[in-house]
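Here's the structure we're looking at; comments come further down.
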Amino acid sequence: MSTAITPQLADVVDVFGAERVHSSGSRHPLTHCHIEPWGLSYSCPTPEDPAHDSEVTWLLPALGLRLTQFRPRRRHARRESTELTAVHVQRDTRSWRTTDLLLGLEVPDRSSARIIRSEEFAAAVSGGVIRLSEADYALRTVHRTLEEVTLHRDLQQWLAHRGIYDPW
């Protein structure tokens, strides 16, 4: 079975307009959008998703990462895993643009982190969608982060180690 090659995904967050525009052209209003000392924090509702009420995202440009967590609709539902994805972040006064490098980590609450989307990443590299320099960057970023998160055993502790004390 072969993995389909997915084009790189680029999102643009318009900070002043509080809107995220996907590479597909779809636009999503943001309920929360703040520039922080460590990067950008935003969230948006997910009305089309029956299981999730909203998506919370943090962009950490100095680390080359995007942290994403989906918040469940049910109040007492179990907290879901956080995804850490290797990205390139470009920003200016008005907007933040991320290019997804298709490799990341899944960090479950109180469990071990694991690398995700490796088949999609490999297919994109072999198909030329991701340049070799980008692939090296993504691999270094994900492996460094995996090592650090494993060492700290908790995402919140890892963030604190990185100087980010805001609650995730």
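Nothing in this text is a laboratory measurement; each read-out follows from the coordinates by a stated rule. None of the values given here were measured: they were computed from a predicted structure. No Cβ is skipped: glycine too gets one built from the backbone with ideal geometry, and neighbour counts run over all protein chains shown.
Numbers for the structure displayed
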item	result
Mean shadow area of the stretch 77-168 over all directions, Cα convex hull, nm²	7.5 nm²
Value of relative contact order over the stretch 10-162, rounded to a whole percent, pairs C-alpha under 8 Å and six or more apart	15 percent
Length released on extending from Ala160 to His88, taking residue separation times 0.36 nm less the Cα-Cα span	23.7 nm
Efficiency of FRET between Arg97 and Arg140 - r from beta-carbon atoms, R0 25 angstrom, step 0.05	0.75
Separation of the Glu148 and Ala10 label points, Cα + 7 Å toward Cβ, nm	2.7 nm
Percent breakdown of C-alpha pair distances by 5 Å bin, ordered from the shortest bin, for the chain	2, 8, 16, 20, 21, 18, 12, 3, 0
Modelled label reach - Ile35, point 7 Å along Cα→Cβ, the stretch 41-78 residues with backbone N closer than 16 Å	41-42, 59-62
Over the stretch 1-82, equivalent-ellipsoid semi-axes from the Cα gyration tensor in Å	20, 20, 15
Fluctuation leader among His76, His32, His143 - the chain, Gaussian network, Cα springs under 10 angstrom	His76
Theoretical FRET efficiency, 1/(1+(r/R0)^6), r = Cβ-Cβ of Leu132 and Asp49, R0 41 Å, to 0.05	0.70
Within the stretch 116-168: Cβ-based charge dipole about Cα centre, in debye rounded to nearest 20 (Lys, Arg +1; Asp, Glu -1)	80 debye
